[in-house]
Each structure stands twice: as structure tokens, then as C-alpha cells.
Amino acid sequence: MSDYMFMVENHLNAEQSRVLSDVQSWAAEANVSLFLTGGAMRDMLAGFPIRDLDFTVEGPVLKLSKSLIQQTGAEIVSTNETRKSIEVRFPDGVMAEIAMARQEHYAKPGGKPQVQLASIHDDLRGRDFTVNAIALSLNRASRGLLIDPTNGLADIEAREIRAAYNFALYDDPSRMLRLIRFKVRLGYNIAERTQRQYQNAREAGLESKITAEALAAELRAIAQEPNAGDILHELEQEKLLYLFSPALEGAKLNLAGFAKLQKARQMVPFGADFPVNNIGLFLYLVMEKLNPKERSALTQTAGLDKEDIAAWHKLEPGSKKLEKDLKAPSLQKASKLHALLSKSPGEQILFLMIKSTERLVHDRIKNYLQKYLPMALEVSDRDVTAETGIEPQSAKFKKTKEDFIAKRLDARPKKPPVPEEEGEGGPSPEEPPTTPPILAAPGRGK
């Protein structure tokens, strides 16, 4: 096994590992070359958690996607006919993009590219930034081979963002928004030549060529970032935020709300199964200080779809119901509180942390995130099997594990033993007496 495959396996959670294995099996059966690419490789090599998996295939992905769905039970969330890629959600909730290795040719800045099948090397050379232009072979003959034609690994080590080629920002001006997002998210510097390319593109007004579709994609990407408020603030400083809405500036940019959200997210234990529909929470905070006319304009300009808007509109009513449920007297029992919140949408829990005025609600959510959820995470499948004899493959295992966790949460902590008081049985033979012996008076005794 190569060092890079070892790194991948140590960065993926159990669900992501299963998806990786399933996609490798599908690619082998379809007789196409498969590579782990893009953000997954960047985050792994930079030491960040891997959020979503990015695969590139040297073959016609759209034609092969039907067999992938049949074999894995996944569903296609979206399809990009132009760039020959699909976004897929697997049964365990893992998200992945699977794209055809391609070359893109632009007749004009911001125009629709002409796309043709290419090798993985040509695909990587035509990407936006070098940190995103690294691939890892998942093929049997070359498994674990790192492919880095633009020297992105060196840029990760230097903590620098560099355009993959000289016209990257001209061909697709939406990459300017991505450049700012990566700068804030990764904390990297922008390479000098890339900074000049960015400034030249701005002077040419190429940001006006960014399509509504690209704006919507970037807005969704920002929504997934834990420091979304910092990114919006940086875009405001760069005078690019107006592309989404001219009203999003100054007091109407809800930076205080995003700061509270960032603080609430930090309470979620690392590695916890805490799914969040970020777009609804993000849009609520973005729209909160805008008037109805400004909200409508942003919705149209950014090309938000019905699913995005529904997630935003449903967030507050759903959270209010959860707030009411959280005040129930029965939730004084730890297992009851854990059972309720472990099945509640993560975005509603975070919403209540930043918007609820109920002290009891805040306290119970904090107890769940800081005490009960970490305790539940400590319970392993091995613990459950050792105690009950039921194996993880059993249909009864999930319910058994839930009952096991509930029992542990409700168990009273053992009191430390109280030391024996002196005088009851006297000091132990090993201990010296606590008071010095009384000496005999002179002239008395022998």
C-alpha cells in the first residue's frame, strides 16, 4: 500500500470508505480508469477533514451512471450536461461528484465551454488552481500513484494558491469568487502571478460575465463553509458581493449572525454524526436583514432553485416546533434528550442555539452537544457486541445499540469510596501512628 492510500484510508470515515470501495468496484466492472481528485485530495493533503468525495473517470460518466445507481443504490442529485459530471448521494448520506476527465475550450471569457474527453493529465492541467489539480489513482495496476502535473503538492506545502494556467480566471470568471473563498477557508496566500491575473480580470470587468448558474453554485459552496461569514466579508471588501445582491453590504450584511453560527458549530464534537442542511441556515442569515424586494432580487440574481428556497422557508417553523419539544419535563432524563436531538435536523439545533431566547432550550442543547453526544460516541460496536452478543450485521443491532447508549447515559456515576474515619479499627499496620508515643515520667516505672 502506498503512503497516499494509507493517508486516504485514515482520513475517511466508515461511510466514505464504503463509498470509495463501491465506486472502485463499479469502475473496474465498467473497465474505466478511476481517480480521487479535486477537493478530496486537497483537503487530505492539507490536513483538513474530507467533506465530499470527488472522482474523475477516463470515460463517459453520464452513460455509465445508470449502472452505478443500480449497483450502489445511490441517487443522482444533479447532472451537469456541459461538464459531463453528476452529483450523487449514497445510501449512508455521503455526497460525491463523479466527472468525466475532460478538456474545456472557451471561445470567450465566461462563455459556455466546448468539452471533450481527455486523459487525467490533461484534465488536471486545465483546472482552476494547482491545489485542486492533484489526483490519486484508484486503479489496480497503479493504485496509490499520485498524479500532480502542476506541482500542487508544493503549493500546499507553501500554503499558496496558484492558478493552474495563465488564463484560468479569464476563461471562467467565477473562479475569482472561488479564489477568495479558498483564500479565506485555507488561510493561504495568493501567488504573485495569480494576483496579477486576478487584478487584470477585475480591471477588464470580467466579473460581469459570471452566470446566474455559477453564482448559485458558489453561494451553495459558501454555505458549506464553517466560516461563511468571513468569506462574505472578504467578498464585500473585494467589491464582489454586489454580484449576489447590491443590498448585501454594511449593516445589512449579517456578520453578527454568522459569528454566532460559527461559535455554535464549534460546539459539535469532531467526528459526530451531525448532518446539517447548510443552505437553509445560510440563506436565513443572508436574507434576515433584507426587505422582501431585496430578498426576491437576490433569489433571482443568484439563480436559487425551489429546493434551496424551501430549505430556507421551512427552517424557522421546524425549529419553533423543536423548541417547544425541548421544554418537555421528561427531557430531564439524559436518554430522552439524546433520543430527541439525535433524530432532529442539525440545522434546527444550530438555529435554536443562535436564535432561541429560552434558557432551558440553550442548556439542554449544550448538555446534548457537550456531554451526551460525546458519551454516545464513546460506545463502539465492539462494546455492544461484547455486552449483548449481537453482531453489527444483525437487523436488531441498531436498536440494540440505541438501548445500550440510553442505559449508559442514564446510569448514575459511581461515587468515589469514602476513606475510613480514624478511630474505627485504628490506623492500618503499614501506617505510622498519627501522634507520638507518651514518654514515661522520670522516676516512674522500670
Item to check | Neighbourhood charge, 13 Å Cβ-Cβ cut-off, centred on Ala217 and excluding it, Lys, Arg +1 and Asp, Glu -1 | outcome: -3
Checklist outcome for this item: Simple spin-label estimate for Ser330/Ala28, 7 Å along Cα→Cβ, in nm, reads 4.9
Item to check | Dipole of the chain [Lys/Arg +1, Asp/Glu -1 at C-beta], most positive-end residue of Leu12, Gly271, Asn139 | outcome: Gly271
Next on the checklist: Quick check on my link table: of Lys306/Lys333; Lys66/Lys401; Lys84/Lys321; Lys260/Lys398; Lys183/Lys355, which ones sit more than 32 Å apart, alpha carbon to alpha carbon?
Outcome noted: Lys306/Lys333; Lys66/Lys401; Lys84/Lys321; Lys260/Lys398
Item to check | Separation in nanometres of the label points that stand 7 Å from Cα toward Cβ, at Gln103 and Thr211 | outcome: 2.2
Checklist entry - Taking 0.36 nm per intervening residue step and subtracting the Cα-Cα distance, what contour gain separates Lys252 from Leu117 on full extension? => result 44.1 nm
Checklist entry - Counting only the backbone N, which residues of the stretch 34-55 are under 20 Å from the spot 7 Å out from the Cα of Lys63 toward its beta-carbon? => result 34-35
Checklist entry - Of (1) 33, 29, 21; (2) 51, 19, 18; (3) 51, 29, 25, which one was derived for semi-axes √(5λ) of the Cα gyration tensor in Å from the structure shown? => result (3)
Checklist outcome for this item: Residue by residue through the stretch 393-401, the couplings from Karplus 6.51 cos²θ - 1.76 cosθ + 1.60 with θ = phi - 60°, in Hz, x for Gly and Pro, are 6, 6, 5, 7, 5, 4, 5, 4, 5
Next on the checklist: Pairs of alpha-carbon atoms within less than 8 angstrom and 6+ residues apart define the contacts here; what relative contact order does the stretch 307-405 have, in percent?
Outcome noted: 23
Checklist entry - Put a dot 7 Å past each Cα toward the Cβ at Leu145 and Lys398; how far apart are the dots in nm? => result 4.1
Item to check | Between the stretch 80-123 and the stretch 276-309, the alpha-carbon center distance in angstrom | outcome: 27
Item to check | Charged-residue dipole, Cβ positions (Lys, Arg, Asp, Glu), the chain about Cα centre, Debye nearest 20 | outcome: 1080
Checklist entry - So what's the angle, to the nearest 10 degrees on a 0 to 90 scale, between helix 346-355 and the longest Cα principal axis of the chain? => result 80
Next on the checklist: I need to check one value: relative contact order of the chain, counting alpha carbon pairs closer than 8 Å and at least 6 residues apart, in percent.
Outcome noted: 9
Checklist entry - How much length is gained if the chain between Ala46 and Glu9 is pulled fully straight, taking 0.36 nm per residue apart and subtracting their Cα-Cα distance, in nm to one decimal? => result 11.8 nm
Item to check | Helix axis angle, 192-203 relative to the chain longest principal axis, alpha carbon, degrees | outcome: 60
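FYI, it's all coordinate maths here, none of it is from the lab. Please read all numbers here as calculations on a predicted model, not as lab measurements. Methodologically, a virtual Cβ is constructed for each residue, glycine included, from the backbone with ideal geometry; neighbour enumeration extends over all protein chains shown.
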